[in-house]
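These notes concern the structure reproduced below.
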Amino acid sequence: TMSSARPSAPDPPTPAPSGTLQEVLYIASLLGQGLRDAFALRRACRVIVRSKPVQRAFFNCLILNGGLFLTSHLLFEYLIGPHIRTLFVPHEQLFLLNILPKIFTFVYYILWIYPVYLFSFIFNAVWYGEIAEAAYRKLGGKGDTSGVSLRSIVEGLSDELYRNLLFFTTVVFASLLYTLPLVGPTLQFSLITWLYAFFCFDYKWLLQGRADLRKRLRFFEGHWAYMYGFGLPFTAASFFFPYLISYGIYALLYPAFIVLAVAAKPCRNIDTPHLPKSLPIFDPARRLNNGVVRVITWLRARSHGHTPAQPIPRASQDHSNDSLEHK
């Protein structure tokens with residue numbers, strides 16, 4: 001019998017490990033549990049086999065991302081493209097002959113790759129949502145039953161806009177981290193790993209009715225070790241390739257990790273003397289975004305002759321109970 005998608009009651013408090021070595025081993029165990037859940041392929045396969053909506057959306061993702069996009073791009077980059085370049089040997093006096101391979105490549109990208117890339121963005125968003133909802137229902141999850149009001153719709157739209165801005169800023173910040181000597185590539189990889197893990201779990205939390213982005217971020221940051229382990233294989237499978245190939249692999253694997261996240265039960269960090277219970281992973285991007293929002297709000301208020309609004313509170317300043325932890 002499959003386990004319910006809703007979190008179970010919190011486990012009894014675990015005694016805090018004493019000693020640096022024990023703390024490191026404890027964090028490693030949380031990371032290992034995340035890895036274990038990320039490789040629970042039998043669990044994901046059971047959901048896929050028993051749910052027709054998940055099968056249908058999975059098949060659509062496979063055809064679009066694996067067939068039309070990734071396979072065609074790999075064929076052009078490593079078979080057709082090199083063959084075309086060998087047909088037209090560069091010649092000093094034949095300008096047209098020299099630029100024909102570039103023209104073929106340009107036409108291919110404009111008429112095929114970029115349209116399919118945009119097409120996949122739109123349809124993947126629909127199919128990913130269908131996979132998450134169908135898997136969540138199949139595993140016994142029940143969403144929020146509260147009524148929908150105009151206020152909730154407006155708050156949901158503003159939350160989604162802020163969410164997209166936050167994660168765009170996180171990607172930019174990760175790219176900047178790459179420029180740091182020695183540690184830059186590792187820091188970038190780690191931040192992208194956490195970002196991928198958040199994307200996987202966010203569908204589940206939204207289906208549970210957890211609309212407050214600040215609470216979702218705080219919950220995630222309180223499970224940073226587990227989340228790193230969960231996102232590690234996903235990131236490793238797609239991170240080290242050129243962008244379009246990386247995107248194709250990401251889009252192909254993401255549905256499976258959505259199902260795995262729906263079925264998983266994250267393990268929370270506990271207080272230790274030397275290692276943080278909560279890691280402010282998205283805080284730099286959050287600070288930058290809040291600063292931008294404050295400036296825009298101030299400029300708009302000043303242009304209308306009004307008093308500027310108060311700054312938007314950061315997630316770390318919200319001390320309300322973590323509903324994700326207890327519901």
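At-a-glance table
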| read-out | value |
| --- | --- |
| Residue check for Val24: among the β-branched types (Val, Ile, Thr) and surrounded by 12 or more Cβ atoms within 10 Å (Cβ to Cβ) | yes |
| Test: residue in the range 46-69 that is over 18 Å from Glu130 (Cα atoms), open to solvent by 70 Å² or more (accessible area, probe 1.4 Å) and at pLDDT 90 or above | yes |
| Scope the range 72-81; condition surrounded by 14 or more Cβ atoms within 10 Å (Cβ to Cβ) and of a type in the set (Ser, Thr, Tyr); matching residues | Ser72 |
| Flag if Gly305 is part of a loop (DSSP other than H, G, I, E, B) and either at pLDDT 80 or above or over 22 Å from the mean Cα position of the chain (by Cα) (or both) | yes |
| Residue in the range 195-209 that is open to solvent by 40 Å² or more (accessible area, probe 1.4 Å), more than 20 Å from Tyr250 (Cβ to Cβ) and either of a type in the set (Val, Ile, Thr) or in contact with a Gly (Cβ under 7 Å, 6 or more places away or on another chain) (or both) present | no |
| Test: residue in the range 133-151 that is modelled with pLDDT of 80 or more, under 28 Å from Leu191 (Cα atoms) and open to solvent by 40 Å² or more (accessible area, probe 1.4 Å) | yes |
| Residue that is nearest to Ala40 (Cα to Cα) [pool: residues in the range 243-284 that are free of Cβ contacts under 8 Å to residues at least 60 places away in the same chain, open to solvent by 40 Å² or more (accessible area, probe 1.4 Å) and within 17 Å of the chain's Cα centre (by Cα)] | Leu253 |
| Output for the range 210-239, where each listed residue is within 24 Å of Leu161 (Cα to Cα), open to solvent by 10 Å² or more (accessible area, probe 1.4 Å) and either in contact with a His (Cβ under 9 Å, 6 or more places away or on another chain) or outside any helix (DSSP H, G or I) (or both) | Arg210, Ala211, Asp212 |
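The values are calculated or read from the model by the stated rules, or taken from the named source; none is laboratory data. Please read all numbers here as calculations on a predicted model, not as lab measurements. For neighbour counting, all protein chains shown are included, and Cβ atoms are generated from backbone atoms with ideal geometry for every residue, glycine included. Side chains included, ligands, DNA and RNA excluded: accessible areas come from the protein's heavy atoms. Shrake-Rupley method; radii C 1.70, N 1.55, O 1.52, S 1.80 Å.
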